[in-house]
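Working notes for the structure below.
The values are calculated or read from the model by the stated rules, or taken from the named source; none is laboratory data. Nothing here was measured: the structure is a model prediction, and the numbers come from that model. Using ideal geometry, Cβ is built from the backbone for each residue, glycine included, and neighbour counts are taken over all protein chains shown. Side chains included, ligands, DNA and RNA excluded: accessible areas come from the protein's heavy atoms. Shrake-Rupley method; radii C 1.70, N 1.55, O 1.52, S 1.80 Å.
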Amino acid sequence: PLYVVHVMAKEAMEEISRAKLRGQRVIGEPILSGLVLDDSHYYNKDWARAAQYVMSPPLRPRGHAEAITDALVSGVLSLVGTDHCVFDSQQKAMGRNDFTKIPNGLNGVEDRMSVLYDHIVASGRMSPSDFVRVTSTAAAQIFNIYPRKGAIQAGSDADIIILDPTKTKTISAKTHHQNIDYNVYEGRSVQGVIDVTISNGVVVFEDGKLNAVRGAGRFVSTPAFSPVLYSGIDALEQRNSPKPVKRA
């Protein structure tokens with residue numbers, strides 16, 4: 001099995017699609033920024049603003065995000081990450097005279113659910129159930145922690161969000177909670193806002209107020225050989241292995 005992260009380009013997505021059609025076990029994970037942003041931000045005349053979007057792999061030209069989104073909606077790609085890796089403006093400025101020294105990474109975790117909901121559910125491209133799959137259930141199954149995570153049922157960790165599909169908001173660094181002085185989604189209006197976040201049974205976010213306590217998190221091990229990826233893998237490998245050539 002192969003897990004491909006940061007699927008940003010349509011060519012990468014097409015390789016994953018071809019591999020799946022051959023019967024290979026391949027997981028493709030696009031990230032939020034690759035689904036909704038493009039490389040036009042790199043041409044911003046404000047150097048500091050352009051530097052905010054520097055990441056690896058880089059954002060792609062217009063058209064790639066649309067192809068990646070279509071692949072996510074159709075099931076060619078399996079789930080959505082963020083590659084959340086933030087550096088403040090002062091840290092980004094280390095590369096002002098040499099772009100190769102700009103720390104790579106941008107924000108995504110706090111805004112993932114709302115931006116993605118607006119992009120694929122509010123727009124009518126994906127059902128709410130499939131939204132739950134690509135943001136929660138699929139990840140839990142792939143990393144072999146389902147149904148402890150990725151499900152709401154007896155015995156599962158009570159990690160739950162309550163999202164109002166009708167509510168809207170405008171994203172801004174002035175109101176976000178992440179420790180960074182800018183937001184790559186600044187000024188973006190989205191439909192689908194989280195009202196409540198519950199972590200392990202404790203309300204950690206409600207009505208715009210963050211109530212998380214430092215140190216409350218707990219490590220969750222992810223056992224190898226997830227059934228989603230490895231069930232029947234021996235038979236699959238045997239079927240795909242080259243057949244011996246018989247000679248007279």
Those residues of segment 74-83 which are free of Cβ contacts under 8 Å to residues at least 60 places away in the same chain and either in contact with a Cys (Cβ under 8 Å, 6 or more places away or on another chain) or open to solvent by 50 Å² or more (accessible area, probe 1.4 Å) (or both), in sequence order: Ser74
Where Ser241 falls short, out of the listed (1) under 19 Å from the mean Cα position of the chain (by Cα); (2) among the polar types (S, T, N, Q); (3) open to solvent by less than 70 Å² (accessible area, probe 1.4 Å): (1)
Residue check, Gln238 touching a Phe, Trp or Tyr at 6+ places or on another chain (Cβ under 9 Å) and outside any loop (DSSP other than H, G, I, E, B): no
Failed item in (1) modelled with pLDDT of 90 or more; (2) out of contact with any Asp or Glu (no Cβ under 8 Å at 6 or more places or on another chain); (3) of a type in the set (A, V, I, L, M), with Ile233 passing the rest: (1)
Segment 13-51 - residue that is open to solvent by 60 Å² or more (accessible area, probe 1.4 Å) and in contact with a Leu (Cβ under 9 Å, 6 or more places away or on another chain) and, of those, modelled with the highest pLDDT: Tyr42
Tally of residues being open to solvent by less than 50 Å² (accessible area, probe 1.4 Å) and at negative phi across segment 60-72: 7
Tabulated pairs, segment 228-248, first farther than 23 Å from Ala139 by Cα, second of a type outside the set (Asp, Glu), C-beta under 7 angstrom, 6+ apart or interchain: Asn240/Gly23
Pairs where the first residue, in segment 190-217, is more than 14 Å from Leu163 (Cβ to Cβ) and the second is open to solvent by 60 Å² or more (accessible area, probe 1.4 Å), C-beta under 6 Å, 6+ apart: Ser199/Asp159; Val204/Asn211; Val204/Ala212; Leu210/His177
Lone unmet requirement of (1) of a type in the set (Phe, Trp, Tyr); (2) open to solvent by 20 Å² or more (accessible area, probe 1.4 Å); (3) under 26 Å from Gln91 (Cα atoms) for Tyr3: (3)
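Of all residues in segment 16-56, which are more than 19 Å from the chain's Cα centre (by Cα) and charged (D, E, K, R)?
Of the residues in segment 16-56, the ones more than 19 Å from the chain's Cα centre (by Cα) are 18-25, 40-51.
Correct list: Arg18, Lys20, Arg22, Arg25, Lys45, Asp46, Arg49.
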Helices (runs of 4 or more DSSP H) contained in segment 41-101 and holding at least 1 residues small (Gly, Ala, Ser) and within 30 Å of Thr137 (Cβ to Cβ): 64-74
